[in-house]
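*Asks:* One structure is given below, represented as structure tokens, and several questions about it will come after.
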Amino acid sequence: MKVSSESREFLENLRVYLLASGKYEGEIEEIVSELGDHLENAEKDGKDVTDIIGKTPKEYMGQLAGEMPFDLKGGLKFLPILMLGAFSYILMGDAIRGQLQYSLIDLIGYPAVFLMTLFLTALFYKYLASNKIPKLKQFIVFGIIAATPISLFIGVIYLDDWLGAPAIHFGPAAKGAAIFISLLMFIFIAIWSKSWVSIILPIVFFLPEVLIGFTDYQENTKLMLSVTIVPLCIGIYLLSVLRMEKKKEKSS
Amino acid sequence: MSSSQMLKGILEGCLLSIISKGETYGYEMTEKLNAYGFTMVSEGSIYPLLLRMKKEGLVTAVQKELPSGGPKRKYYSLTEKGEEELENFKDRWKAISTSVNHLLKGDDLR
């Protein structure tokens with residue numbers, strides 16, 4: 001498809017908007033390629049995106065989305081797996097730190113926070129894809145979205161403390177089992193999603209901590225080390241992902 | 001009913017008529033619309049309509065490879081239900097346009 005950068009941006013945003021609205025992936029690709037075909041022809045005749053969509057991108061995207069059914073089955077398949085991934089992640093972290101105890105509040109609170117975060121993220125992507133937003137504002141909104149689950153998780157922990165809800169404790173045997181189950185989950189998700197992310201992320205987050213735990217350094221030194229090394233690993237990982245994406249873009 | 005909704009209904013009828021002339025794709029439809037003077041609607045507004053018409057079973061769509069070997073293009077054709085809907089639209093339109101024309105011309109009723 002040979003279209004101008006404005007058209008490509010519009011098509012890319014449309015795809016994100018429809019994905020975040022939970023539409024069928026096949027139908028999304030269909031409409032995006034159909035509009036791409038239209039834009040290509042229109043540009044040859046000297047028209048541009050604004051001539052085509054008429055209204056604001058937001059209105060136009062909303063109109064298209066309104067005519068497309070919600071992919072409930074896809075969502076139902078995707079959601080539990082995402083949830084399992086998130087819980088394996090929490091489980092592994094807690095097992096490594098030896099804090100395997102959960103109360104009823106945790107068991108209800110964590111999924112609730114998770115669902116809310118997912119919903120907020122989808123809303124954020126829709127908003128971002130359908131509006132022209134200055135970089136600074138994007139940053140602020142993103143900060144709020146990122147801070148919400150963290151503060152909600154802290155809220156759950158405090159509520160838990162305050163209510164003193166009875167918690168189920170797990171012994172050392174359960175710790176090994178928890179780590180093993182989490183590992184299996186990560187591998188399963190990696191195969192299911194055909195991507196390494198679900199394996200790389202836990203490595204980046206947990207491996208330095210585990211390794212540091214094996215050393216003979218003082219507790220304070222250990223803490224300092226993990227506080228500096230973990231963000232460093234995350235940074236390196238994100239940078240390399242970015243670089244790979246850029247390379248892919250160039251070659252395509 | 002807002003004026004844009006009325007326009008949508010009319011545009012849908014016109015699309016049915018264009019597609020009834022033979023298999024066609026989005027850009028060709030807008031070219032025909034423009035040729036008939038439909039400049040009050042933006043070209044993109046046919047796509048939400050086409051999505052709905054397909055959902056309602058008035059049209060079917062197939063992806064076809066272009067002879068030039070480029071990306072696939074989506075071609076629409078009318079279903080039987082679409083043909084019926086087109087006839088309905090023609091009747092409705094005839095009735096509406098006749099009365100509106102009479103009214104605007106101020107024909108004497110008696």
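The values are calculated or read from the model by the stated rules, or taken from the named source; none is laboratory data. All values derive from a computational prediction rather than experimental measurement. Reconstructed Cβ throughout: ideal geometry from the backbone, glycine too, with neighbour counts over all protein chains shown.
*Asks:* Of the numbered conditions (1) closer than 20 Å to A:LEU79 by Cβ; (2) touching a helix residue (DSSP H, G or I) at 6+ places or on another chain (Cβ under 9 Å); (3) surrounded by fewer than 12 Cβ atoms within 10 Å (Cβ to Cβ), A:LEU120 fails exactly one; give the number of that condition.
*Replies:* Only one criterion is unmet by A:LEU120, namely (3).
*Asks:* Next question. Go through the range B:37-71 and give me each residue that's among the charged types (D, E, K, R) and either more than 8 Å from every other protein chain (Cβ to nearest Cβ) or out of contact with any helix residue (DSSP H, G or I) (no Cβ under 7 Å at 6 or more places or on another chain) (or both).
*Replies:* B:ARG52, B:LYS54, B:LYS55, B:GLU56, B:LYS64, B:GLU65, listed by residue number.
*Asks:* Right, something else. When you look at A:ALA129, is it modelled with pLDDT of 85 or more, within 29 Å of A:GLU6 (Cβ to Cβ) and in contact with a Phe, Trp or Tyr (Cβ under 7 Å, 6 or more places away or on another chain), yes or no?
*Replies:* yes
*Asks:* Can you tell me how many residues within the range B:12-35 are closer than 18 Å to A:ALA42 by Cβ and out of contact with any Lys or Arg (no Cβ under 6 Å at 6 or more places or on another chain)? Explain how you work it out, then say what you get.
*Replies:* Initial filter on the range B:12-35 (closer than 18 Å to A:ALA42 by Cβ): B:15, B:18, B:24-35.
Filter again for out of contact with any Lys or Arg (no Cβ under 6 Å at 6 or more places or on another chain), leaving B:15, B:24, B:26-35.
Number satisfying all stated conditions: 12.
*Asks:* Can you tell me which residue is farthest from the chain's Cα centre (by Cα) among those in the range A:22-31 that are more than 9 Å from chain B (Cβ to nearest Cβ) and farther than 19 Å from A:SER7 by Cβ? First the steps, then the outcome.
*Replies:* Just the residues of the range A:22-31 that are more than 9 Å from chain B (Cβ to nearest Cβ), to begin with: A:22-26, A:28-29.
Keeping just the survivors that are farther than 19 Å from A:SER7 by Cβ gives A:22-26.
Values: A:GLY22: 15, A:LYS23: 17, A:TYR24: 19, A:GLU25: 17, A:GLY26: 21 Å.
Ranking the candidates gives A:GLY26 first.
*Asks:* Residues in the range A:203-213: is at least one of a type in the set (Phe, Trp, Tyr), surrounded by 11 or more Cβ atoms within 10 Å (Cβ to Cβ), closer than 24 Å to A:LEU239 by Cα and at pLDDT below 85?
*Replies:* Within the range A:203-213, one or more residues are of a type in the set (Phe, Trp, Tyr), surrounded by 11 or more Cβ atoms within 10 Å (Cβ to Cβ), closer than 24 Å to A:LEU239 by Cα and at pLDDT below 85.
*Asks:* Could you grab me the full set of residues in the range A:56-72 that are more than 7 Å from chain B (Cβ to nearest Cβ) and in contact with a strand residue (DSSP E or B) (Cβ under 8 Å, 6 or more places away or on another chain)?
*Replies:* If the condition is that a residue be more than 7 Å from chain B (Cβ to nearest Cβ) and in contact with a strand residue (DSSP E or B) (Cβ under 8 Å, 6 or more places away or on another chain), then A:ALA65, A:PRO69, A:PHE70, A:ASP71 are the ones that fit.
*Asks:* Further question on the same structure: On the given criteria, is B:GLU80 over 23 Å from B:ASP91 (Cα atoms) and either free of Cβ contacts under 8 Å to residues at least 12 places away in the same chain or at the interface with chain A (Cβ under 10 Å from one of its Cβ atoms) (or both)?
*Replies:* Answer is no for this residue.
*Asks:* OK, next. Search the range A:32-50 for residues being at the interface with chain B (Cβ under 7 Å from one of its Cβ atoms) and either loosely packed, with under 15 Cβ neighbours inside 10 Å or not hydrophobic (A, V, I, L, M, F, W, C) (or both), and hand back the single one that is farthest from B:ASN34 (Cα to Cα).
*Replies:* Filtering first and then ranking leaves A:SER33.
*Asks:* Considering only residues that are more than 8 Å from chain A (Cβ to nearest Cβ) and either among the acidic types (Asp, Glu) or in a helix (DSSP H, G or I) (or both), which ones fall in the range B:25-36?
*Replies:* Listed by number, the residues that qualify are B:GLU28, B:MET29, B:GLU31, B:LYS32, B:LEU33, B:ASN34, B:ALA35.
*Asks:* Now, a different point. Any residue in the range A:172-186 that is of a type in the set (Ser, Thr, Tyr), over 18 Å from the mean Cα position of the chain (by Cα) and closer than 25 Å to A:THR117 by Cα?
*Replies:* Scanning the range A:172-186 turns up at least one residue that is of a type in the set (Ser, Thr, Tyr), over 18 Å from the mean Cα position of the chain (by Cα) and closer than 25 Å to A:THR117 by Cα.
*Asks:* Any idea which of (1) exposed (fewer than 13 other Cβ atoms within 10 Å of the Cβ); (2) within 14 Å of chain A (Cβ to nearest Cβ); (3) in a loop (DSSP other than H, G, I, E, B) is the one B:GLY22 doesn't satisfy?
*Replies:* Going through (1) exposed (fewer than 13 other Cβ atoms within 10 Å of the Cβ); (2) within 14 Å of chain A (Cβ to nearest Cβ); (3) in a loop (DSSP other than H, G, I, E, B) one by one, B:GLY22 breaks only (2).
*Asks:* Looking at A:ILE53, A:ILE90, A:ILE81, which is the one that is among the β-branched types (Val, Ile, Thr) and either facing another protein chain (nearest Cβ under 7 Å) or loosely packed, with under 14 Cβ neighbours inside 10 Å (or both)?
*Replies:* A:ILE53
*Asks:* Show the residue pairs that are 6+ apart or on different chains and have beta-carbon atoms under 9 Å apart, the first residue being within the range A:227-242 and within 12 Å of A:PHE205 (Cα to Cα), the second being exposed (fewer than 13 other Cβ atoms within 10 Å of the Cβ).
*Replies:* A:ILE229/A:LEU211
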